[in-house]
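Reading through the C-alpha cells given below for one structure.
The values are calculated or read from the model by the stated rules, or taken from the named source; none is laboratory data. The structure displayed is predicted, hence computed values, not measured ones. Glycine also receives a Cβ, built like all others from the backbone with ideal geometry; neighbour counts cover every protein chain displayed.
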C-alpha cells in the first residue's frame with residue numbers, strides 16, 4: 001500500500017501507511033522485509049525534503065544482513081540524498097566505489113545511472129571531467145534505447161552547456177523534452193520546460209510557458225485525485241473491517257452473556273458460602289486470640305504482683321520482724337524506726353492494691369489520674385504536670401483512658417525503682433485529633449542499644465500499640481530518660 005502511494009506521489013501518505021508496519025519489525029525474521037520498509041521510508045523522506053531522516057532510514061537498511069544487490073542499491077540511495085544536500089564530495093566517494101563494482105557493470109542500465117550521478121557531482125564541483133561520464137552514460141543508454149533514461153542524460157548535458165554553449169544547451173533540452181514526452185513523464189517534462197524557458201525568447205518562450213502552466217495544472221489534478229481515491233479506498237476498507245469486527249464482537253458478547261447467566265448463580269452461592277465460612281473462622285479466631293491475650297495479661301499481672309510481694313513486701317516484713325526481735329523497743333528511737341518501717345510496708349501494700357483496683361473513667365477520671373501520679377511524690381522526687389487540665393478527657397474513649405492510666409503508672413513505677421531521678425516532667429497536649437504525652441526524667445538513663453526490654457517497658461509499648469498509638473523512647477546513660485507517646489483521639 002505504501003509503495004502504491006509512493007508511486008502516485010503521495011509521499012506523506014506513504015510514510016503514514018508504512019509506519020503502521022514498524023511495530024511488527026521485531027517479529028519479522030526475514031531481513032528483506034525490514035530492508036523494504038526502511039527503503040520506502042527513506043525514499044518518502046527524501047521526496048518531502050527530510051534529508052536527515054532519509055539518511056537515518058537508509059543507513060538502517062544498509063546495516064541489515066541482505067544480499068549484495070540490496071546493499072549497492074542502498075548505497076546509491078544514500079549518495080542521491082547527499083547530492084540533494086549538496087555534499088558532492090561525500091557522494092562521489094560512494095558513487096566511484098559503485099562504479100567499479102562488478103555487479104554494477106553487469107547491469108548496464110544501473111551502471112549508466114551511476115555514471116550520470118558521478119557526472120552531475122563533477123559538474124557541480126566545476127570539474128570538466130563531468131562531460132566524460134555524461135558521454136559514456138549516453139552511449140550505454142542509446143544502445144538500450146531507454147527513452148526515459150535518455151531524457152535524463154540529455155537534461156544533464158543541457159545543464160552542462162547552459163553557460164558555455166546556450167545553443168547546444170537548447171538542443172539537448174529539446175531532445176530531453178521529446179524523450180520525456182514519449183514516456184509521458186510529466187514531472188521531468190516540467191523540469192525540462194523550466195530549463196527551456198530560461199534559455200528561450202520570443203515565440204518559443206511563450207509556447208513553452210503556456211505548456212508549462214497546462215502541465216502544472218494537469219499533474220496537480222492527477223496527483224490530488226490519486227491521493228483522494230487512495231484515502232477513500234483506505235477509509236472504506238477500514239470502515240468495513242470495523243463493522244465486521246463489531247458484528248463478531250456482538251455475537252461473541254451474546255454467547256458470553258448466555259454462559260454468564262448460567263454460571264452467575266453458582267458463583268454467587270460459592271461466594272456467599274465462602275463468606276460465611278470466613279466469618280465463622282474469623283469469629284472463632286478473634287475470640288480465641290482475645291481469650292489468649294486475656295490469659296496472658298492475667299498471667300503477667302499475677303506474676304508481677306507475686307514478684308513484688310516476694311521481692312519487696314516479704315523482705316521488708318522479714319526485716320521488720322528481725323528488727324523487732326533483736327532490738328529494744330522500749331527505746332523511743334527504735335520504736336519510731338519500727339513504726340516507720342511498718343508504715344512503708346503499708347504504703348507499698350496499698351500501692352500494689354491500687355494497681356489492680358478499677359479505674360474511674362467517668363468525670364472524675366482526671367482526679368483519679370492526679371491521685372495516682374501524686375502517689376509517687378517523695379521528698380527526693382519533684383513531679384511536674386503540664387497542661388493536664390487542657391485535655392477534654394470526656395472525648396477520649398474509656399479503653400484509651402485506662403491504657404493511658406496504666407502506662408503512666410508503669411513509667412512512674414520504673415522511674416521510682418530504677419532511675420534514681422529527682423525531677424520528672426509530664427506534658428499533655430492535643431494536636432487536632434491526636435493526643436501527645438511527653439515523659440522525661442533526669443535519672444541515670446539506659447543504653448537503648450544494649451538493654452533487653454524489661455516487663456515494664458514491654459508492657460508500656462504493648463498497651464500503646466493496642467490503641468493504635470505510637471511510642472518513642474530516647475535515653476543515654478547519665479542523661480535521663482524520655483518517652484514520647486502519641487495516639488488518636490478517635491479510631
Qualifying position, being part of a helix (DSSP H, G or I), at pLDDT 85 or above and farther than 21 Å from residue 425 by Cα, among 394, 311, 316, 340:
394
State whether the residues of the range 183-192 include one that is surrounded by 14 or more Cβ atoms within 10 Å (Cβ to Cβ) and either outside any helix (DSSP H, G or I) or not assigned by TED's automatic domain parsing to the domain that holds residue 75 (or both).
yes
The condition from (1) modelled with pLDDT under 85; (2) within 60 Å of the chain's Cα centre (by Cα) that residue 156 misses is numbered (1)
Among the listed residues 486, 468, which satisfies the condition of being crowded, with 16+ Cβ neighbours inside 10 Å and closer than 15 Å to residue 401 by Cα?
486
How many residues of the range 160-182 are in a helix (DSSP H, G or I), under 17 Å from residue 126 (Cα atoms) and modelled with pLDDT of 90 or more? The answer is 1
Would a scan of the range 402-419 turn up a residue that is over 23 Å from residue 375 (Cα atoms), buried (at least 19 other Cβ atoms within 10 Å of the Cβ) and either assigned by TED's automatic domain parsing to the domain that holds residue 367 or in contact (Cβ under 8 Å) with a residue 24 or more places away in the chain (or both)?
no
Those residues of the range 353-372 that are modelled with pLDDT under 80 and loosely packed, with under 15 Cβ neighbours inside 10 Å come to a total of 5
